[in-house]
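The values are calculated or read from the model by the stated rules, or taken from the named source; none is laboratory data. All figures in this text were calculated on a predicted structure; none of them were measured in a lab. Counting neighbours? That spans all protein chains shown, and the Cβs are built from the backbone with ideal geometry, glycine included.
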Amino acid sequence: MTVRVRLLLASALMLFLELALIRWLGANVVHLAYFSNFVLMGSFLGIGLGFLRASAPGRGPRPMPLYSLVVLLGLVGFVSAYPVSVNRDSSQLIFFTSGTTSGPPIWLTLPAVFLAVAAVLAGPGELVASCFSQLERLEAYRLDLLGSLLGITAFTALAFLGAPPFIWFVLVSLGFVALLGRQASSVSVALLIAMAMMFIYPLRHDTGVFWSPYYKVTTAAVDDGNGATAWTIDVNSIPHQRLTSAATRAIQEPWYLQTYDQIPRNPGNVLIVGAGTGTDVAIALKQGARHVDAVEIDPTLLRFGRQHNPDHVYSDPRVTAHVDDGRAFLERTHAKFDLIIFALPDSLTLVSGASSLRLESYLFTEQSIQAARDHLAPGGAFSMYNFYRQQWLVDRLAGTLDDVFGHAPCLYEAQNAAALAVMTAGLTSADQSCAQTWARPASTPPPATDDSPFLYLEHKSIPSLYRSALLLIILATVLAIGFVLLMNAAAGGRGALTRVRGQLRGMWSYRDLFLLGAAFLLMETKSVTGFALLFGTTWIVNSLVFGGVLLAVLAAVEVTHRVTTPPLPVTYALLIGGLALSWLVPAGWLLTLDVVPRALVAIVIGFLPIFAANIIFAKRFAATADAPLAFGTNLLGAIVGGCLEYLSLVFGYRALLVLAGALYVSAYLVMPRPQPPTTSQPVDDDRRQPTATGPAVPPMQSPA
């Protein structure tokens, strides 16, 4: 295998493995839903440690990183044997945050997962780093980017096909076998067989488990209490839906009819967001709806409803099904509706582990409710219902309806701990028929907004659970770096402490790269959340954004390699200008544009600073003396950026642009200034490009 092919394959494996771990661990460890980028930061730590190991001075040929496969096997075995799921103590459990869990406690699970992910990704990091000394720097960078694009494309294709984890990890193991070579082939093949058996066994016994682009879905047939078949549906080990006929649901849970009791007339044209497997659609038809637009973000749940809904609603000519994000559908459609229902649209999952964004976050903001109001026909009404678990959450949503519609909504509340509520607001007060009207308490939280779409956060703060976990991440990162540096030094013989001090001085000399890594992760998070608002929180939009980021990085590398770019001060000015433009252009204005011009403007605004940031990184990185150490330092900065991301819970997502700008300015100020040119090292302006090793783009993020 040539070094170019090896680098391409190692980079693809690195990204593919990270995506697989984010998806699989999130489906089996409920605690990870509290920590959106936990696995991502563990991956950054691992790859950074792999590069630090590769930067050890004076080391001879190093052994193949078999430890990565061994830890991967152990991680899969541990989580398979001790998954963390929600107990089924209540059939009405919707928000798992208030439920009890089975499996290891959070204080044991999270550190174990974080450290295990770091150890697993350190192996591919070493494999990528080992290729750099054999290639010209920017060529290695280019191949690494192409490999990353290959990895994200492959995983996206498997998500589209609904492939199970057995396929993901077999491909990962085959990648390791190909890269580790004959030296470790017997051990790696044995581990591959063990890995395959761990997934084949549950496949034989868990026939009701399948994978959608968002969830691990577990289904089971049960008796509905009337002698007919019903289905329970869990997603990511969390009770999510119960599929029965409309008649049975009306008897067992009559609150489903409350929406229709709170409007004075039968609706004609109905929009249901969160249609799922079709129960809400069936009830709407039973209540006299002439046509129903059913919007469901998950194509697999919709397909299950087509196959098993006892009322066969999705084959009814009065129903049009749409696989789409509810907010995106509202922004695109020009139809008017007599009734719009948000029908228990709680996703129970986060968007790709890259932000604190849930699939439904932008659905419950003040701006989203305004969009729903604007799509009501004269005499129309808007309704939402769910098991809200907390009274303050009911008040927040009812207060949002009050603010948007200008009058208090109807409110039905069940007397139970789940805080079941049905809220309906007519276009005018005459368009709603209330047995009880909501009265605003003095402690009502303000509405969620598109900038701060954190519906389930009562106050703008970083919860203590987050703070404790982030402190543990930082502590584990510092200890892991110290351990790797000591191991590197010990492997070189005498003078270990001197070598440690030398590597620490080297990392300090790349402090600007550290800040660039932190800033870039914040900027990319803002891009992900911004595109999710503009085009939907669907898996395809998310994949396109990450692919677009990698393409922007690749374009920056090509431009830097082929064209004389402006000096770094000018490029930094362009970057800050791009961030300012992103700050100044409001998302509300972009949402008024049609889809095509909206996409064009959003791409320019979103990717201009990314392009400029990566020109800066390519120019700066080309001047480094120790590429693996410099790149490892950059990745460690990305971990800090991941921690700083949680400040959006307090200040909103736009504030991340300000924080990223401050970090970029700081990086420029602490950047080592170029030395005078010498006869042995020609310098062209601030672009010093000696032939040396090159960087590898971290998975899902490019260094910047």
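Can you confirm whether Leu516 is out of contact with any Asp or Glu (no Cβ under 7 Å at 6 or more places or on another chain), of a type outside the set (D, E, K, R) and either closer than 30 Å to His322 by Cβ or touching a residue at least 40 places away in the same chain (Cβ under 8 Å) (or both)? Answer is yes for this residue. For segment 474-490, the set of residues classified as more than 13 Å from Arg501 (Cα to Cα) and not hydrophobic (A, V, I, L, M, F, W, C) consists of Thr477 only.
Within segment 560-569, one or more residues are assigned by TED's automatic domain parsing to the domain that holds Ala625 and buried (at least 22 other Cβ atoms within 10 Å of the Cβ). Tell me whether segment 123-136 contains one or more residues that are modelled with pLDDT of 90 or more and under 20 Å from the mean Cα position of the chain (by Cα). No.
Quick check on segment 74-82. Is at least one of its residues at pLDDT below 65, closer than 30 Å to Tyr466 by Cβ and outside any helix (DSSP H, G or I)? Checking segment 74-82: not a single residue is at pLDDT below 65, closer than 30 Å to Tyr466 by Cβ and outside any helix (DSSP H, G or I). Checking each residue in segment 298-334 for being under 25 Å from the mean Cα position of the chain (by Cα) and in a loop (DSSP other than H, G, I, E, B) picks out Asp298, Asp324, Asp325. Among the residues of segment 368-383, those that are buried (at least 24 other Cβ atoms within 10 Å of the Cβ) and farther than 19 Å from Asn266 by Cβ comprise Ser368, Ile369, Ala372.
Looking at Val295, Val281 in this structure, which one is closer than 26 Å to Tyr215 by Cβ, part of a strand (DSSP E or B) and not assigned by TED's automatic domain parsing to the domain that holds Gly588? Show your work before the answer.
Details: Val281 fails: part of a strand (DSSP E or B).
Of the residues listed, the single one that is closer than 26 Å to Tyr215 by Cβ, part of a strand (DSSP E or B) and not assigned by TED's automatic domain parsing to the domain that holds Gly588 is Val295.
Counted as qualifying within segment 356-440 are the strands (runs of 3 or more DSSP E) with 2 or more residues that are more than 23 Å from Val650 (Cα to Cα) and of a type in the set (Gly, Ala, Ser), namely 376-387, 420-426.
Does segment 246-268 contain at least one residue that is assigned to a strand (DSSP E or B) and surrounded by 21 or more Cβ atoms within 10 Å (Cβ to Cβ)? Walk me through how you get there before you give the answer.
From segment 246-268, those assigned to a strand (DSSP E or B) are none; that's our starting set.
No: zero hits.
Check whether at least one residue in segment 544-563 is free of Cβ contacts under 8 Å to residues at least 60 places away in the same chain and farther than 25 Å from Leu635 by Cα, and report yes or no. Yes - at least one qualifying residue is present in segment 544-563. Quick check: is even one residue across segment 482-500 assigned by TED's automatic domain parsing to the domain that holds Arg53, in contact with a helix residue (DSSP H, G or I) (Cβ under 7 Å, 6 or more places away or on another chain), in a helix (DSSP H, G or I) and within 26 Å of His31 (Cα to Cα)? Scanning segment 482-500 turns up no residue that is assigned by TED's automatic domain parsing to the domain that holds Arg53, in contact with a helix residue (DSSP H, G or I) (Cβ under 7 Å, 6 or more places away or on another chain), in a helix (DSSP H, G or I) and within 26 Å of His31 (Cα to Cα).
Residue-level check: of (1) surrounded by 20 or more Cβ atoms within 10 Å (Cβ to Cβ); (2) at pLDDT 90 or above; (3) among the hydrophobic types (A, V, I, L, M, F, W, C), Met507 misses just (2).
Does any residue of segment 179-197 turn out to be outside the structural domain of Val281 (by TED's automatic domain parsing), crowded, with 19+ Cβ neighbours inside 10 Å and modelled with pLDDT of 85 or more? Yes.
Yes or no, residue by residue, for (1) of a type outside the set (A, V, I, L, M); (2) at pLDDT 85 or above; (3) assigned to a helix (DSSP H, G or I):
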site: Ile615; (1), (2), (3): no, yes, yes
site: Tyr646; (1), (2), (3): yes, yes, yes
site: Leu657; (1), (2), (3): no, yes, yes
site: Tyr668; (1), (2), (3): yes, yes, yes
site: Pro690; (1), (2), (3): yes, no, no
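Does any residue of segment 152-161 turn out to be polar (S, T, N, Q) and buried (at least 23 other Cβ atoms within 10 Å of the Cβ)? Looking for residues that are polar (S, T, N, Q) and buried (at least 23 other Cβ atoms within 10 Å of the Cβ), one finds none in segment 152-161, hence no. In segment 108-122, the qualifying residues are those that are touching a Leu at 6+ places or on another chain (Cβ under 8 Å) and at pLDDT 90 or above, and the one that is surrounded by the most Cβ atoms within 10 Å (Cβ to Cβ) is Leu121. Taking the numbered list (1) part of a loop (DSSP other than H, G, I, E, B); (2) at pLDDT 50 or above in turn, Tyr664 passes all entries but (1).
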